[in-house]
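Beneath this line is the structure, given in structure tokens, with notes to follow.
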Amino acid sequence: MNTKCPVCDGEVTVEPGTIESEIIQCPDCSARLVVEKIEGSHVSVSEAPKVEEDWGE
Ligand SMILES: [Zn+2]
């Protein structure tokens, strides 16, 4: 499964077994994306809300 990053428009691979509301990361721009909906092989994601915390890349 894959989808498009809403931030950079890049291709994002969604691992099988990923569930709705799970957070994944864009390999291109490192944006955190929330899985909104999974319908068959179509996955909708949106940018995760920014957090104050620094995840120390
Ligand atoms: Zn991206």
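The values are calculated or read from the model by the stated rules, or taken from the named source; none is laboratory data. Fair warning: this is a prediction, and the values are worked out from it, not measured in the lab. Note that we place each Cβ from the backbone using ideal geometry, even for glycine, and neighbour counts take in every protein chain shown.
If you go through the stretch 4-27 one residue at a time, how many are more than 12 Å from Ile38 (Cβ to Cβ) and either exposed (fewer than 12 other Cβ atoms within 10 Å of the Cβ) or not hydroxyl-bearing (Ser, Thr, Tyr) (or both)?
Counting residues in the stretch 4-27 that are more than 12 Å from Ile38 (Cβ to Cβ) and either exposed (fewer than 12 other Cβ atoms within 10 Å of the Cβ) or not hydroxyl-bearing (Ser, Thr, Tyr) (or both) gives 13.
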- Is there any pair linking a residue in the stretch 19-45 that is in contact (Cβ under 8 Å) with a residue 40 or more places away in the chain and closer than 16 Å to Cys8 by Cβ to one that is of a type outside the set (S, T, N, Q) and within 14 Å of the ligand (Cβ to nearest atom), with Cβ under 6 Å and at least six apart or on different chains, and which? Val45/Leu33
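Has the stretch 4-13 got any residue that is within 11 Å of the ligand (Cβ to nearest atom), more than 9 Å from the chain's Cα centre (by Cα) and in contact (Cβ under 8 Å) with a residue 24 or more places away in the chain? Give the derivation first.
Within the stretch 4-13, the first condition is being within 11 Å of the ligand (Cβ to nearest atom), and the residues that meet it are 4-12.
Still in the running and more than 9 Å from the chain's Cα centre (by Cα): 7-11.
From what is left, the residues that are in contact (Cβ under 8 Å) with a residue 24 or more places away in the chain are 7.
Taking every residue of the stretch 4-13 in turn, at least one turns out to be within 11 Å of the ligand (Cβ to nearest atom), more than 9 Å from the chain's Cα centre (by Cα) and in contact (Cβ under 8 Å) with a residue 24 or more places away in the chain.
Regarding the stretch 21-36, can at least one residue be identified that is more than 9 Å from the ligand (Cβ to nearest atom), part of a loop (DSSP other than H, G, I, E, B) and at pLDDT below 95?
Among the residues of the stretch 21-36, not one is more than 9 Å from the ligand (Cβ to nearest atom), part of a loop (DSSP other than H, G, I, E, B) and at pLDDT below 95, which makes the answer no.
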